[in-house]
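Here's the structure, in structure tokens; my notes come after.
Taken together, the values in this text are just the output of simple stated rules run on the coordinates, not laboratory data. Predicted model only: the values in this text are computed from it and were never measured. In this analysis, Cβ positions are derived from the backbone assuming ideal geometry, glycine residues included, and neighbour counts consider all displayed protein chains.
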Amino acid sequence: MTLVQLRHLISLAQTGSFSRSATALFLTQPALSRSIRALEAELGQPLFDRIGRRTELTPFGREALARAQDLVLAASDLRDSARVAGDGLGGVLRVGMGSGPGALLMSPLLLTMARERPRLQLSIARGGIAPLLQALRERELDALVVDARSLRPAPDLAAETVLELPGAFMVRRGHPLAQRRRLRFDEILRHPIASTPLSDEVARVLVERYGPAADPAACVTLRCEEIPSLIDVARRSDAVVLAIEAAAPDLVPLRLDPPLAATARFALVMLRRRTPPPALSSLRALIATLAADAASARGGAPEKKPRTGHAGSGS
């Protein structure tokens, strides 16, 4: 049976007349009769009693009509859902975020979707890069936004850089180091240093620039996956936090000698050969806009080209 046949059944039940239904459906009467007979033959039961010029539903026909109406309505709903998902306003989108992107983007993204795309079911997962990649490969997530430098190339992954933002060692206003024009790294070591887990590349850059004492394995004393928690500690203590500047515009970047001059690079990661959800294209643009706004809040636009060195932003 087909949806067309079910619509013919519904129309004939409503009009009680082959001629009137054929006119309403833009069919000839013989074509409508053949459609109904084919449906009856497939079901093995008569749907209508022909009483002179009147056509009435049989008891089975009444049951079939109720189910046909449900099926046609469900098909219509499915078509509408596909249309809404296609315009990016509805559907489902499941995104995993590393600590850096999550600190900067999660709350603004949720707020924007609530205001502008209320029919879109958005789910955001936070965590380290290993569990996020596992969830992506198991089809539990549609895409990831993570620190590109923490991502190892893999044949099943497609990664696209969406933004690059400056990073820094930062402290609260009023911190003993906040007003210093030039700092040696050993002066930072006199205070607790807070950071998310950093990639091997970040560790290498820090050691090359400031010596073995800058190895994160040795100098970081406060480590966790959530940048907001580390930033909160820096606001309320003399701890120094290494993070994206835009994630904490109220903190003061320290002026190191030599300068850190590092960036954090965000990548949008998907599985190759997997059709992305329609909403992902608008999400990509939205992420870039939100991150650019956060960067400009500190008085500068995000970098388009890599700088020398790489700041840690977590996963």
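A DSSP coil position with no more than 14 other Cβ atoms inside 10 Å describes the following chymotrypsin sites (Phe, Trp or Tyr not before Pro) in segment 4-67: PHE26. Each peptide in 151-158, 225-232, 65-72 gets a packing score, the mean of other Cβ atoms within 10 Å over its residues, and the list from highest to lowest is 225-232, 65-72, 151-158. For ALA285 and ALA125, the FRET efficiency from 1/(1 + (r/R0)^6), where r spans their Cβ atoms and R0 equals 25 Å, is about 0.75.
Dividing the convex hull volume of the alpha carbon atoms of segment 110-215 by its residue count, what do you get in Å³ per residue? Spelled out: Cα convex hull of segment 110-215, divided by residues, is 168 Å³.
Just to check, using Stokes-Einstein with a Kirkwood Rh over alpha carbon pairs, what's the diffusion coefficient of segment 3-86 at 25 °C and 0.890 mPa s in µm²/s? Walk me through the numbers before you get to the answer.
Numbers: Rh = 13.4 Å.
For the chosen part, D equals 183 µm²/s.
For the chain, what's the relative contact order in percent, using C-alpha pairs closer than 8 Å and at least 6 residues apart? Show your work: numbers first, answer last.
Details: 559 pairs, mean separation 72.6, N = 315.
Relative contact order comes out at 23 percent.
Hydrodynamic estimate: the Kirkwood radius of segment 41-170 over Cα pairs, inserted into Stokes-Einstein at 10 °C and 1.306 mPa s, corresponds to D of 82 µm²/s. In terms of Cα atoms, the Rg and Dmax of the chain work out to 30.6, 102 Å.
Near GLY211: Cβ cut-off under 15 Å, other residues only, Lys/Arg at +1 and Asp/Glu at -1. The net charge is -2. For GLN14 and ARG181, the difference between the fully extended length at 0.36 nm per residue and the C-alpha to C-alpha distance is 51.7 nm. Sorting 2-10, 166-174 by average packing, meaning the other beta carbons within 10 Å per residue, from highest down gives 166-174, 2-10.
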